[in-house]
Amino acid sequence: MAIAALSVVKPLAGEAPAAFARVTPAQWAEAARGVHEAGGRIVALWGADRRDATGAFSVYAAYATPDGLAVLDLHVPEANPVYPDLSGLFTPAARMQRAIRDLLGLAADGADDDRPWLRHGTWGEDEYPLRREFDPAAPREAVRGPYPFVRVEGEGVHEIPVGPIHAGIIEPGHFRFSVVGEKVLRLEERLGYTHKGIDRRFQDFTLAEGYRLAGRCSGDSTVAYAWAYAQAAESALAIVVPPRARWLRGLMLEIERIANHLNDLGALGNDAAFGFALAQFSRLREDWLRLCDAVFGHRLMMDRVVPGGAAADLRADARRAIAALAQRTEAESRALQDIFDEHSGLQDRFITAGRVTPELARALGLVGLAGRASGQRLDLRADFPVAPYDALAVKKAGHPGGDVAARVRVRYQELFESLRLVGEIVDGLPDGETRVELPDARPGAFGVGWIEGWRGEVFVAIEAGEANRIRRAHAHDPSWQNWPVVEHAIMGNIVPDFPLINKSFNLSYSGPDG
Amino acid sequence: MIPILLKVLRTGIVTEPAPAPREDWRVRASQIQDEILRLLGRALVIREVDAGSCNGCELEIHAVNNPYYNLEGLGIRFAASPRHADMLLVTGPVTRNMEQALRIAYEAMPAPKLVVAVGDCGRDGGIFGACYATCGGVSKVLPVDVAIPGCPPAPIDILQGILTAVLRKDGRR
């Protein structure tokens, strides 16, 4: 393995299996080739202004290897702010590199696409929000120019622009379809509309406080983000949290998965004109959210996973209520799945729509739920199980179909598995403390977190600064990986199937926009 | 078909009563004439705009359409075009990248152009505040009638906020 061959590899403390190495530009490129050849994938790519500490910027790549995460740190000098391109090997790197350019002013040498991604003319071309000299509060005049979409030429080809405001209650983004008749030849996404400056904003918080911001990167995955953040903070602080806290985190993560899958199953039925599904599944989802409110004090369980443990506990009656709802949800969902399976109109819309073959999924780096529905059997809960998953033997979902039908099927499989896990967790919940005190952070301490959220892998990296403040934190959403695949999934399908195909991925805008 | 009908019958009607309006959430005195309110009657149409939320508010806005809250049962529904809308329901701290689109949506609306800001972010920027990337709340960009607090507000609060914008103090429309 190319990573192990690097001279200085140091393991990182914490739950996530991870190693850290500083590399030269040649090693950066060589490691990328090695990971690619060994079938590894890129998890996240981000940069930091470390001129005051090291005299240079840093660009970091986190790779998933069979041994866990490998985090590489390449120093990039201010005088020549370029680093070797990774997008030639790893498709998901392309947009992340564009974001690094917009936020930090470092360019990927050899990248095909150097158009801005997050910068929509709302800050200057020559200013970079993640550089220390940037004043986030300074008044700025937006200079909005046209965005050069890739044009498709040919007889009868026309464009359909959609967004940023979409037709439903959905997050904003722009889709540019090139179509002939109803058939989509090409889709180009332009995102970044919900960019809130989260990476910069983290610097206003301490390590102990930042979980609140992390939990608001993508609200539908608040538990996954908060847990990944807590892992990263605990990794930087080299502390271990009590078993009961870990099990409570697992419980909340599985309830989050259940609530989102119920939501999506209803919405997918509705997008195929089966309103009954939405009424039934949205009722079941509401039952879970009300129970969360009663048990954890928040319907979405925001701010309940904290560095050092969990800010929630379970009484015996709450355990019984959760187990009872899990049983009822299972029975009702099995009956609803039968109705789905026997509904020819629904199956007609689902089968073959938006197909991503396993080969394409592998080549493009599709992850998470959508990846598993295209034959990519990756699930951190089974591949690198942390407590409580190490005691639960999580059964991976999977289907090779790669179409909307497969993504529906995988959601059912995961729903039933999560209902089983919830039952096991409330049964086996260990006694003891739920939270430990946080020690002071050593300035420069670095840590990572890596969690299988309902959509896919959420990754967080933290570097501590002076006085327990966050010097740099980066939260990565799996939608970075999966959005470019949606562009391929729609090709050859008809425009009216786009909402259904898009919903079957249900990717986050806010998460990757930051 | 029979399993579907049986499921519908067994589930029954789960819709709960609607809440009363909350005067303390009103940001500006209503400029809407009684006459217009009467014209709106029970057919309020809402255009929702996500102006950079974390999507938590969207989840809870979706929930007001579930059978428990049954927003459509009150004669209120969401429309795709701002040109068909009486109310703009806005979430998020208003990112600078969404500011222009939000203004265009508002301009496209016919009178009375009600604006309800949803959540702590919509009210004042929330945890994201105001920075190079965010405006710091809907009222920095548009005149806001009602601001609903919460992160995210529960569906019952969203429902209450919507009703506050269209109901008079005595609860009549």
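The values are calculated or read from the model by the stated rules, or taken from the named source; none is laboratory data. These numbers come from a predicted model, not from an experiment. A quick note on method: Cβ atoms are made from the backbone with ideal geometry, for glycine too, and the neighbour counts reach across all protein chains shown.
Residues in region A:342-356 that are part of a helix (DSSP H, G or I) and in contact with a Lys or Arg (Cβ under 9 Å, 6 or more places away or on another chain): how many?
1
Looking at region B:4-18, can you tell me whether even one residue there is modelled with pLDDT of 90 or more, under 15 Å from the mean Cα position of the chain (by Cα), of a type in the set (Asp, Glu) and under 28 Å from A:ILE170 (Cβ atoms)?
Checking region B:4-18: not a single residue is modelled with pLDDT of 90 or more, under 15 Å from the mean Cα position of the chain (by Cα), of a type in the set (Asp, Glu) and under 28 Å from A:ILE170 (Cβ atoms).
I want to confirm something. Restricting to region A:342-361 and keeping residues that are closer than 25 Å to A:GLU487 by Cβ and of a type in the set (Asp, Glu), which single residue is nearest to the other protein chains (Cβ to nearest Cβ)?
A:ASP348
In region A:32-59, how many are part of a helix (DSSP H, G or I), closer than 26 Å to A:ASP102 by Cα and small (Gly, Ala, Ser)?
Number satisfying all stated conditions: 2.
Restricting attention to region A:119-163, and to residues there that are within 13 Å of chain B (Cβ to nearest Cβ) and assigned to a strand (DSSP E or B), which single residue is surrounded by the fewest Cβ atoms within 10 Å (Cβ to Cβ)?
A:PRO161
Taking the criterion of being in a loop (DSSP other than H, G, I, E, B), more than 24 Å from A:ASP52 (Cα to Cα) and at the interface with another protein chain (Cβ under 10 Å from one of its Cβ atoms), would at least one residue in region A:175-186 satisfy it?
no
Can you find a residue that is at pLDDT 95 or above, closer than 25 Å to A:ASP303 by Cα, within 14 Å of chain B (Cβ to nearest Cβ) and in a loop (DSSP other than H, G, I, E, B) anywhere in region A:238-252?
Scanning region A:238-252 turns up no residue that is at pLDDT 95 or above, closer than 25 Å to A:ASP303 by Cα, within 14 Å of chain B (Cβ to nearest Cβ) and in a loop (DSSP other than H, G, I, E, B).
The rows are residues; the columns are (1) more than 14 Å from chain B (Cβ to nearest Cβ); (2) under 27 Å from A:ILE490 (Cβ atoms); (3) part of a helix (DSSP H, G or I); (4) aliphatic (A, V, I, L, M).
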residue	(1), (2), (3), (4)
A:LEU278	no, yes, yes, yes
A:VAL295	yes, no, yes, yes
A:MET301	no, no, no, yes
A:ALA312	yes, no, no, yes
A:ARG328	no, no, yes, no
A:PHE340	no, yes, yes, no
A:ALA363	yes, yes, yes, yes
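Test A:SER374 against the stated conditions and say whether it is within 14 Å of another protein chain (Cβ to nearest Cβ), of a type in the set (Gly, Ala, Ser) and surrounded by 15 or more Cβ atoms within 10 Å (Cβ to Cβ).
Considered against the rule, which asks whether it is within 14 Å of another protein chain (Cβ to nearest Cβ), of a type in the set (Gly, Ala, Ser) and surrounded by 15 or more Cβ atoms within 10 Å (Cβ to Cβ), A:SER374 comes out as no.
Mind counting the residues in region A:312-338 that are hydrophobic (A, V, I, L, M, F, W, C) and either in contact with a Cys (Cβ under 8 Å, 6 or more places away or on another chain) or surrounded by fewer than 19 Cβ atoms within 10 Å (Cβ to Cβ) (or both)?
Qualifying residue count, region A:312-338: 7.
For region A:164-213, which residues satisfy the criterion of being among the polar types (S, T, N, Q) and either surrounded by 24 or more Cβ atoms within 10 Å (Cβ to Cβ) or within 19 Å of the chain's Cα centre (by Cα) (or both)?
A:THR194 - this is the single residue of region A:164-213 that is among the polar types (S, T, N, Q) and either surrounded by 24 or more Cβ atoms within 10 Å (Cβ to Cβ) or within 19 Å of the chain's Cα centre (by Cα) (or both).
Which one is surrounded by the most Cβ atoms within 10 Å (Cβ to Cβ) among residues in region B:107-125 that are under 22 Å from B:GLY56 (Cα atoms) and aliphatic (A, V, I, L, M)?
So the residue we want is B:VAL118.
Return the total of residues in region A:365-379 being in a loop (DSSP other than H, G, I, E, B) and within 17 Å of A:ILE42 (Cβ to Cβ).
Total meeting the criteria: 5.
Residue under question is A:ARG216, and the condition is that it be more than 20 Å from the chain's Cα centre (by Cα), surrounded by 22 or more Cβ atoms within 10 Å (Cβ to Cβ) and of a type in the set (D, E, K, R); does it hold?
Judged against the criteria, A:ARG216 is not a match.
Look through region B:40-55, keep the residues that are more than 24 Å from B:VAL141 (Cα to Cα) and part of a loop (DSSP other than H, G, I, E, B), and return whichever of them is modelled with the highest pLDDT.
Within region B:40-55, the match that is modelled with the highest pLDDT is B:ALA43.
Anything in region B:56-89 that is assigned to a loop (DSSP other than H, G, I, E, B), of a type in the set (A, V, I, L, M) and either more than 7 Å from chain A (Cβ to nearest Cβ) or touching a His at 6+ places or on another chain (Cβ under 8 Å) (or both)? List them, or say none.
Residues satisfying the conditions are B:VAL64, B:ILE76, B:ALA79, B:ALA85.
Among the polar types (S, T, N, Q) and more than 13 Å from chain B (Cβ to nearest Cβ) - does that describe any residue in region A:201-223?
Within region A:201-223 (the criterion being among the polar types (S, T, N, Q) and more than 13 Å from chain B (Cβ to nearest Cβ)), the answer is yes, since at least one residue qualifies.
Name, by its number, the condition in (1) more than 11 Å from chain A (Cβ to nearest Cβ); (2) surrounded by fewer than 24 Cβ atoms within 10 Å (Cβ to Cβ) that does not hold for B:ILE104.
Against the list (1) more than 11 Å from chain A (Cβ to nearest Cβ); (2) surrounded by fewer than 24 Cβ atoms within 10 Å (Cβ to Cβ), B:ILE104 comes up short only on (1).
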